[in-house]
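Participant: Please read through the structure below; I'll follow up with questions.
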Amino acid sequence: MTQNNESNLDPAGNTQHFRRFVDENPVTDEPARRPILPLVLAGVGVVLVIAVAIALFLALT
């Protein structure tokens, strides 16, 4: 007869401990970041409009 030296493991108990851990420690999602590309394009557009306005002013005076 072989002896079983391992203690009785309760897989359901381990699952319950894990679920309690997950419930007590919710993962906080990072807030969604605003895309940077539209801001960069708007900035480039403003710079171009100013450059064209200056060029027209200098050309007509």
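No lab work stands behind these numbers, since they all come straight from the coordinates. What you are looking at is a predicted structure, and each value in this text was computed from that prediction instead of being measured.
Participant: What is the gain in length, in nm to one decimal, between LEU60 and LEU48 on full extension, counting 0.36 nm per residue of separation less the C-alpha to C-alpha distance?
Facilitator: 2.5 nm
Participant: Fully extended, how many nm does the chain gain between ILE36 and ASP23 (0.36 nm per residue separation, minus their Cα-Cα distance)?
Facilitator: Fully extending the segment from ILE36 to ASP23 adds 1.2 nm.
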